[in-house]
Amino acid sequence: MLPPTHKALVQEVYAEPLVVKEIATPQPDPGSVVIKIIAVPIISYAREVYNGNRKYSYPTPLVVGTSAIGRVAAVGVDTVKLKEGDLVYTDCVVRGRDDEEAIILTGLADGSTDGSRKLFAQAWKDSTCAEYARVPLENTFALDEARLCGSPDTGGLGYSREQLCWILQALVPYGGLRSIDLQAGETILIAPSTGGFGSAAVVVALAMGARVVAAGRNAEALAKTKALNDRVETVQITGDVEEEVAAIKKAARGNIDAFLDISPPEAQHSTHLKAGIMSLRQAGRVSLMGGLLEDVPFPHRFIMRRNITLKGQWMYSREEILAFLRLVTSGVLNFRDIVKVQGKFALEAWGKAFDVAWESGRLGELVVLTP
Ligand SMILES: NC(=O)c1ccc[n+]([C@@H]2O[C@H](COP(=O)([O-])OP(=O)(O)OC[C@H]3O[C@@H](n4cnc5c(N)ncnc54)[C@H](OP(=O)(O)O)[C@@H]3O)[C@@H](O)[C@H]2O)c1
């Protein structure tokens, strides 16, 4: 039985502070399920999104949130497999069922088309930073709880439920790495590699069988990344393209096969983008996942002569979520000893959670809200 009301973290007015409110509990309708939220990951720059600095577009009032770990609390008439009590991962990338151009991130971004804005405002405005959330059925994936959270003594992988929130962190770069068809044995440059999504990219690329050249500015964070695996080499972003190209090629023992850029807006003028491209082999591939807000110049002649592919990528597909969950459930990608929950916060402590997330956001550092 769902309670008539529940607590939710709401932004009443765009860029204004959030408030915890008691709101009506949603009922599942066709195409949705209602889940009881266990934990929601807080991305390192959540503060910058909800204070308006990043200029993300969404309507208010809004129940904020993103992907989450929860338990199925009530199912709709067209739910055939999920059942009450199942542990699930629900994903924030919602697509228009009748419009492939309509893509939104629940609780975060209403996309860039009339259809996406309609989808957000009319169907999925209430996200997961709440005790209960109504989420799209096709976005909600049953997790093998005994395998993932069971004790290693009985064949489990020993994750805590909160740790599983890192799936969001890793799925983003997985989408980029899949989009350029990263192969086992290839060498990929990841830059910058010391932030939340960047460091997750290193872990994921290793699980996909690649050698990684991890670039960044922070020597201490790079040293921790290097310690992950002997297939990781690190390179300092120095601000000098030629110096960086030489260092990347030295670390890669030749040209790199592929390059994942996952820059934040602050890296708009960073040299690593050009250095990464100029280090590619013939027919090398680039995944552009960074959140740069302005145009960037490209070494056009180099790209043309070398048959380089530049591939933009926003998030990932449903099929990639399923493939990624197989990587985790099989144990091929094991992040249990890499990811540490830095802080678990109640909805009321959202401000503290955002601050800790902003100060964290390094390799394996995870901050969650536990409504
Ligand atoms: N395409 C997509 O689907 C998608 C999805 C999610 C996020 N994103 C984008 O990915 C970005 C990065 O995510 P994140 O979690 O790694 O961010 P983060 O935790 O904020 O980390 C920022 C990273 O950028 C580096 N950096 C900051 N300023 C720099 C500069 N001026 N020059 C070079 N490097 C700089 C930081 O390096 P230091 O360690 O040296 O500070 C750190 O590695 C986000 O800001 C977002 O825009 C894209």
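The values are calculated or read from the model by the stated rules, or taken from the named source; none is laboratory data. Since we're looking at a predicted model, the values are computed, not measured. No Cβ is skipped: glycine too gets one built from the backbone with ideal geometry, and neighbour counts run over all protein chains shown. All accessible areas refer to the heavy atoms of the entire protein, side chains included, with ligands and DNA or RNA removed. Shrake-Rupley method; radii C 1.70, N 1.55, O 1.52, S 1.80 Å.
In the set (1) outside the structural domain of D230 (by TED's automatic domain parsing); (2) within 12 Å of the ligand (Cβ to nearest atom); (3) aliphatic (A, V, I, L, M), A200 fails one condition alone, (1). For region 49-67, the condition of being touching a helix residue (DSSP H, G or I) at 6+ places or on another chain (Cβ under 7 Å) and under 26 Å from T329 (Cβ atoms) holds for at least one residue.
Would you say A219 is among the hydrophobic types (A, V, I, L, M, F, W, C), in contact with a strand residue (DSSP E or B) (Cβ under 8 Å, 6 or more places away or on another chain), in the same structural domain as Y174 (by TED's automatic domain parsing) and farther than 24 Å from I167 by Cα? Against the criterion (among the hydrophobic types (A, V, I, L, M, F, W, C), in contact with a strand residue (DSSP E or B) (Cβ under 8 Å, 6 or more places away or on another chain), in the same structural domain as Y174 (by TED's automatic domain parsing) and farther than 24 Å from I167 by Cα), A219 qualifies. Consider T128 carefully, then state whether it is within 16 Å of the ligand (Cβ to nearest atom) and part of a loop (DSSP other than H, G, I, E, B). Judged against the criteria, T128 is not a match.
Residue-by-condition table, conditions (1) open to solvent by less than 20 Å² (accessible area, probe 1.4 Å); (2) within 25 Å of V77 (Cβ to Cβ); (3) in contact (Cβ under 8 Å) with a residue 60 or more places away in the chain; (4) not assigned by TED's automatic domain parsing to the domain that holds W124:
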{"residue": "Q11", "(1), (2), (3), (4)": "yes, no, no, no"}
{"residue": "Y14", "(1), (2), (3), (4)": "no, no, no, no"}
{"residue": "K21", "(1), (2), (3), (4)": "no, no, no, no"}
{"residue": "A24", "(1), (2), (3), (4)": "no, yes, no, no"}
{"residue": "Q27", "(1), (2), (3), (4)": "no, yes, yes, no"}
{"residue": "I35", "(1), (2), (3), (4)": "yes, yes, yes, no"}
{"residue": "A46", "(1), (2), (3), (4)": "yes, no, yes, no"}
{"residue": "T60", "(1), (2), (3), (4)": "no, no, no, no"}
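Can you name the residue in region 175-189 that is within 14 Å of the ligand (Cβ to nearest atom) and open to solvent by 10 Å² or more (accessible area, probe 1.4 Å) and, of all such residues, is farthest from Y89 (Cα to Cα)? Among residues in region 175-189 that are within 14 Å of the ligand (Cβ to nearest atom) and open to solvent by 10 Å² or more (accessible area, probe 1.4 Å), the one farthest from Y89 (Cα to Cα) is S179.
Of all residues in region 241-266, those that are assigned to a helix (DSSP H, G or I), under 19 Å from G290 (Cβ atoms) and open to solvent by less than 20 Å² (accessible area, probe 1.4 Å) total 2. When each of V80, V75 is tested for being more than 16 Å from V40 (Cα to Cα), free of Cβ contacts under 8 Å to residues at least 12 places away in the same chain and out of contact with any helix residue (DSSP H, G or I) (no Cβ under 6 Å at 6 or more places or on another chain), the lone residue that passes is V80.
Has region 117-124 got at least one residue that is buried (at least 20 other Cβ atoms within 10 Å of the Cβ), away from the ligand (no atom under 12 Å from the Cβ) and outside any loop (DSSP other than H, G, I, E, B)?
Yes, region 117-124 contains a residue that is buried (at least 20 other Cβ atoms within 10 Å of the Cβ), away from the ligand (no atom under 12 Å from the Cβ) and outside any loop (DSSP other than H, G, I, E, B).
Got at least one residue in region 105-114 being under 28 Å from L293 (Cα atoms) and more than 16 Å from the ligand (Cβ to nearest atom)? It would help to see each step written out before you state the result.
First, pick out the residues of region 105-114 that are under 28 Å from L293 (Cα atoms): 105-114.
Next, only the ones that are more than 16 Å from the ligand (Cβ to nearest atom) stay: 113-114.
So far as region 105-114 goes, yes, one or more of its residues are under 28 Å from L293 (Cα atoms) and more than 16 Å from the ligand (Cβ to nearest atom).
For I69, the criteria (1) within 21 Å of Y14 (Cα to Cα); (2) surrounded by 22 or more Cβ atoms within 10 Å (Cβ to Cβ); (3) among the β-branched types (V, I, T) hold in every case but one, which is (1). Under the condition of being under 22 Å from the mean Cα position of the chain (by Cα) and either within 16 Å of the ligand (Cβ to nearest atom) or open to solvent by less than 40 Å² (accessible area, probe 1.4 Å) (or both), the residues counted in region 141-157 number 5. Does G65 fit the bill of being within 16 Å of the ligand (Cβ to nearest atom) and touching a residue at least 40 places away in the same chain (Cβ under 8 Å)? Spelling it out, G65 is indeed within 16 Å of the ligand (Cβ to nearest atom) and touching a residue at least 40 places away in the same chain (Cβ under 8 Å).
L171 meets the conditions (1) out of contact with any Asp or Glu (no Cβ under 8 Å at 6 or more places or on another chain); (2) more than 9 Å from the ligand (Cβ to nearest atom) in every case but one. The failed one is (1).
This table checks each residue for (1) over 17 Å from T140 (Cβ atoms); (2) assigned to a loop (DSSP other than H, G, I, E, B); (3) of a type in the set (D, E, K, R).
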| residue | (1), (2), (3) |
| --- | --- |
| I43 | yes, yes, no |
| K55 | yes, yes, yes |
| G65 | no, yes, no |
| I69 | no, no, no |
| T79 | no, yes, no |
| G85 | no, yes, no |
| Y89 | no, no, no |
| V94 | no, no, no |
| G111 | yes, yes, no |
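Restricting G284, G290, G276 to those that are away from the ligand (no atom under 16 Å from the Cβ) and either closer than 21 Å to T309 by Cα or within 24 Å of the chain's Cα centre (by Cα) (or both) reduces the list to G284.
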